[in-house]
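Please treat every number below as a calculation from the coordinates, not as lab data. None of these values were measured; they are calculated from a predicted model. Counting neighbours? That spans all protein chains shown, and the Cβs are built from the backbone with ideal geometry, glycine included.
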Amino acid sequence: MKKNRNPQIICISSGKGGVGKTSFTINLAAALSDKSRQVLLIDGDLGLANVDVMLGLNVQHNLRETVEEGRNPLEILVEIMPGFFVLPASSGVPEMASLSYEEQAFLTDSLERIIGNFDFVLVDTAAGIGESVLWFNDWADKNITILSPDPTAMTDAYALIKILKTRYNKKDFHLIINNVKNKKEGQEVFTNMSTVLENFLGVIPNYQGAIPQDSAVSMAVRRQKPFLTDQPKSRASMAVREICNKILS
Ligand SMILES: Nc1ncnc2c1ncn2[C@@H]1O[C@H](COP(=O)(O)OP(=O)(O)OP(=O)(O)O)[C@@H](O)[C@H]1O
Ligand SMILES: [Mg+2]
């Protein structure tokens, strides 16, 4: 690994649960590493980890040891494929989902000491608008919000963006619409969401792209592999590669 890079930290959240954060983040990481970038994926769902399960990892250590014992995150890293590394979190540990201010600061400090090794740091957050979701978003350089055409996913995404704007003074928001029938539906949902964000919050979001509803996604989750490698020619894989190119452009 080359050292002393200046990574871009991208936080992926949604408000509503189950809209596809973890599958998207894993596959974006795979796409970026495929383009020769060094990528660190942090499982930011600290108390209910999913990344390790979705990748079928047999995890020995996780971020709980960094928080509780000061373990160096480099000793926790798991390499998934060349250039794609995961920092796994713990599961079923409610204390990890509600870290104190000091614990948060300690964790961010520990992470900051190692991220110079990477070009991109992707944080897959928990659902909702809990403290960890907010401080990971605050820490990030780029905030991606995922939503689906489901009205409740739209209202929850709006609620998250409102808090990040009003409480954390975040200004740039990037939207991804998941589970769409076609590109047109993605555009329509984005346009509706943009109108609401602009009218009520004065936010003009950036469109990062849409991902179609595709059985390749659920199948890859069951096979515990990224769909990008499991079904590289699937519509979902092509959509994620397009989003990856946009991020790199
Ligand atoms: N584009 C898609 N097409 C088909 N199925 C999808 C798509 N995106 C996500 N899914 C399915 O939705 C389920 C939830 O996805 P995922 O776990 O990535 O969501 P999440 O937002 O991370 O959930 P949580 O909020 O619980 O962390 C997965 O089982 C996956 O199979
Ligand atoms: Mg998830």
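Given an 8 Å cut-off on Cα distances and at least 6 residues of separation, report the relative contact order of the stretch 1-144 as a percent.
46
What size of dipole, in debye to the nearest 20, comes out for the chain about its Cα centre when the only charges are +1 on Lys and Arg C-beta atoms and -1 on Asp and Glu C-beta atoms?
It works out to roughly 1020 debye.
If I model a spin label as a point 7 Å beyond the Cα along the Cα-Cβ vector, how far apart are those points for Glu79 and Phe200 in nm?
4.7
If eta is 0.890 mPa s and T is 25 °C, what Stokes-Einstein diffusion coefficient results for the chain, Kirkwood Rh from Cα pairs, in µm²/s?
Value of D from the Cα-based Kirkwood radius: 136 µm²/s.
Among Ile204, Met219, Asn192, pick out the residue whose Cα is farthest towards the positive end of the charge dipole of the stretch 177-249, where Lys and Arg carry +1 and Asp and Glu carry -1 on C-beta, about the Cα centre.
Met219
Label the stretch 136-185 by shape, choosing from rounded, prolate and oblate, from the square roots a ≥ b ≥ c of the eigenvalues of the Cα gyration tensor; if a/c is under 1.5 it is rounded, and otherwise prolate applies when a/b is larger than b/c, oblate when it is not.
prolate
Return the whole-Å distance between the Cα centroid of the stretch 145-181 and the Cα centroid of the stretch 115-141.
Centre-to-centre distance over Cα atoms comes out at 15 Å.
Out of all DSSP beta bridges with both ends in the chain, state the antiparallel percent to the nearest 5.
Of those bridges, close to 10 percent are antiparallel.
Going by how many other beta carbons lie within 10 Å of each one, how would you line up Leu197, Leu46, Leu32, fewest first?
Listing Leu197, Leu46, Leu32 from fewest to most nearby Cβ atoms yields Leu197, Leu32, Leu46.
Counting only C-alpha contacts under 8 Å and six or more residues apart, can you give the relative contact order of the chain as a whole percent?
26
Along its principal axes, what span do the Cα atoms of the stretch 59-123 show, with the longest given first and each in whole Å?
Principal extents (Cα only, largest first): 34, 23, 19 Å.
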